[in-house]
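Chemist: Before I ask anything, let me first share the structure, which is written out below as structure tokens.
Derivation of every value follows stated rules applied to the coordinates shown; laboratory data play no part. Predicted, not measured: the structure shown is a model, and the values here were computed from it. When we count neighbours, we look across all protein chains shown, and the Cβ atoms used for this are built from the backbone with ideal geometry, even at glycine.
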Amino acid sequence: MELLILKINLQKYPFLQCLKTFTDATSAYFFLKNNPVDIVFSDIQMPDLNGLDLLNQSKESITSIVYITSYTEHALEAFGLGVTDYIIKPIDEQRLDSCILRLKDYLDLKYKSNLFDLSNSGDSIKIKQSHETINIKIHEIIYLEALKDYTKIVTLNKSFVTRQLLKYIMEELGVEFFIRIHKSFAVQAKYIQSVDTGKVKIINNISLPIGRAYKQNLREFIK
């Protein structure tokens, strides 16, 4: 019942996606071994493996963990382990709101600072896709596509998805070579082949939509 209540409460946050729920920490541990996540909500007292041990054994797979528990006596130890928040049952909606908004701010800042960096040479970018660091040559990027809190980077040969907002990537790349043509798309100018009514044709026979708000900006860019 408590798990169901938490799931219902979390549904009102559109930037959260529930990947999996478990009734015991051991099952959660084996899932986390192969599936790194941003946030884990966990109780303390559970069969076989408690919430504190779960954090200790899964630190590489968890960015943030929030304990929701009836036990106040574990709070000091939990914060010593680096827990993000410690909420006492029954769940208070305002308290959960505050926790979630702080988590969102923290994760946005973390990914903006750490998951996307221009390399020292200035001709490539380093992104993190899951827990893998990938080096991408800037001149090979054809276009960028916003996918909510993620961005798809399409190159001449491959596509990558990173947890980074498109606007932050555009800030890092600058506007000298890339042009925003839609709220969800930005293209590298040298790959534009033609501009028709409502769409841009680029290399590899790709057509992308032009947003109304970006038409004038595009016209000025290609003069």
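Chemist: Can you give the charge dipole size of the chain about its Cα centre, rounded to the nearest 20 debye, using +1 on the beta carbon of Lys and Arg and -1 on the beta carbon of Asp and Glu? Walk me through the numbers on the way to the answer.
Modeler: Details: 28 positive and 26 negative charges, 289 e Å.
Taking the Cα centre of the chain as origin, the dipole is about 1380 debye.
Chemist: I would also like to ask the following. Which value in deg cm²/dmol, rounded to the nearest 500, describes the helix-derived mean residue ellipticity at 222 nm for the chain, given -39,500 (n - 2.57) per DSSP H run of n ≥ 4 and division by the residue count?
Modeler: Details: 7 runs with 69 residues, N = 223.
So the calculated ellipticity at 222 nm is -9000 deg cm²/dmol.
Chemist: Within region 1-66, list the trypsin sites (Lys or Arg not before Pro) lying in a DSSP loop whose Cβ has at most 11 other Cβ atoms in a 10 Å radius.
Modeler: Loop-located and lightly packed - LYS12, LYS20.
Chemist: I need the semi-axes of the equivalent ellipsoid of region 116-221: take the C-alpha gyration tensor, multiply each eigenvalue by 5, square-root it, list largest first in whole angstrom. It would help to have the intermediate numbers written out before the result.
Modeler: Numbers: eigenvalues 104, 38, 34 Å².
Its equivalent ellipsoid spans semi-axes of 23, 14, 13 Å.
Chemist: Same structure, new question: Quantify how much of the Cα-Cα distance distribution of the chain extends past 27 Å, in percent.
Modeler: It works out to 46 percent of all Cα pairs.
Chemist: A follow-up question, please. Please work out the Kirkwood hydrodynamic radius for region 2-113, using every pair of different C-alpha atoms, and report it in angstroms with one decimal place.
Modeler: After inverting the mean inverse Cα-Cα distance, the result is 14.4 Å.
Chemist: Now a separate question. Scanning the chain for helices, which whole DSSP H stretches are 24 Å or more long along the axis (Cα) and average -1.0 or more by Kyte-Doolittle?
Modeler: What comes out of the filter, once short or polar helices are dropped, is 93-114.
Chemist: Can you tell which of GLN216, LEU144, PRO14 lies farthest toward the positive end of the dipole of the chain, using +1 and -1 charges on the Cβ of basic and acidic side chains (Lys, Arg; Asp, Glu)?
Modeler: Looking along the dipole axis, the top candidate is GLN216.
Chemist: So, one more: With the cut-off at 28 Å, tell me which of the pairs LYS137/LYS201; LYS33/LYS167; LYS152/LYS215; LYS20/LYS128 have Cα atoms farther apart than that.
Modeler: LYS33/LYS167
Chemist: Explain nothing, just the number: relative contact order of region 116-221, from Cα pairs under 8 Å at least 6 residues apart, as a whole percent. Please report the intermediate quantities before stating the final value.
Modeler: Numbers: 179 pairs, mean separation 18.6, N = 106.
Computed over region 116-221, the figure is 18 percent.
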